[in-house]
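Since the structure comes first, as structure tokens, the remarks are kept for the end.
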């Protein structure tokens, strides 16, 4: 049975919220275990927790400047790139958002990303490679995908995921350090067996937690990519432009010059090229291109 | 007694927020219309330049230039949403004919000014179509809010009425990918 765009968009949103929910459960469990095993020092944890939160908030507010600086993007002048500006403006009209700033990256690998904390403060950057590879329709599809990231507040979402992830890993580090320095409270001795169980659970969580955190973040990122595909197709009432663009991307075999793990999830395709793709697909920030194309083709508008 | 007051308060809060929702939706529709208007004006501005450029190479296609100029004039004087929609759809048809004719003149096709105008007009057509799409989405959302229960109660009391849709003629119901190039 064919899915309509609305179904797909709803399904993706539910999946994302489920992942965040799972995240918070893990965070809560780890925190609970720690606070009960070590009765002192909650103040210290709170302080570190606050640090992580503020650190990420600052990152979030500067996310666009950082992403642009890192990829060496330059503002795209309107008289040098009239078609690009036209396409971005068209899509922003369809989306009902203000037109984002347009940047160009001097790299032959075709790619694009969107950044910015909300639709009013957003930026879209594309590479020279993308402009030369795609025709107008395909470019429009890619821009619609990127605009959807902005409209769906994906940067905010990934920041929240990073905060929660950071807090989980924080707790793990503090817990391990406390174990090392042997800080047990009197209450713990009185608890006896119960205390031992907490410790075992705590250690297990401490080991698994960072891996789980990474897997969940990657899963959220993949779901948001599917959502951006569906939203972009809905925006244009036309999935074929993006599908065709993704197919072309699939046939390209190179690497992006200025990519890093920190910004990888912002790009439309894996900037490390096809070979860097996953120990297993579970760690990938982007779903496989074939699957994305397939989902687009199955959409009913 | 207290319960009655609480219930009344809840109803009041709901009524206010519902009224505000209707106001907000109505204004979004008006704003979306203004967007279409901006793009339409842009198109009206580009056309004389286009006609002059084509005339430079295909002066004898006089009838066609007449049609385009006439359609443009009609569109500029349209008043209601319906009239504007109809007039502009007609204008699009004449433009398509104009570009089709231009295909027969290779020197015209190579003219930089013509190419630039072609891109600008194609982009403007896209923008009009998307603005139209967005307007219709907003108009639909507004209409649904007016008709749904229980917001239809508030809508009835304060006389909110749906706005007209910007209609698309049957033959034109295609995805937005206007291209004047082959």
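Data table
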| read-out | value |
| --- | --- |
| Pair residue B:119, residue B:13: separation of 7 Å Cα→Cβ label points (nm) | 5.5 nm |
| For A:85-96, mean number of other protein chain Cβ atoms within 10 Å | 6 |
| 10 Å Cβ neighbours from other chains, averaged over peptide B:127-137 | 4 |
| Number of partner chain Cβ atoms within 10 Å, mean per residue of A:233-246 | 2 |
| Helix B:2-55 vs. chain B, principal-axis angle (Cα, 0 to 90°, nearest 10) | 10 degrees |
| C-alpha long axis of helix B:112-147 to longest principal axis of chain B, angle in ° | 20 degrees |
| Angle in degrees between helix B:62-76 and the longest Cα principal axis of chain B, rounded to the nearest 10 | 20 degrees |
| Residue order, fewest to most surrounding Cβ atoms within 10 angstrom, among A:244, B:17 | B:17, A:244 |
| Label point distance in nm, residue B:70-residue A:156, each placed 7 Å from Cα along Cα→Cβ | 5.3 nm |
| Ascending count of other beta-carbon atoms within 10 Å, so fewest first, for A:146, B:147 | B:147, A:146 |
| Ranking of A:145, A:286, A:85, B:60 by count of other Cβ atoms within 10 Å, fewest first | B:60, A:85, A:286, A:145 |
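Computed from the coordinates by the stated procedures, all read-outs in this text should not be read as laboratory data. Everything numeric here is computed off the predicted structure, so don't read it as measured data. Cβ sites come from the backbone with ideal geometry, for glycine too, and all protein chains shown count toward neighbours.
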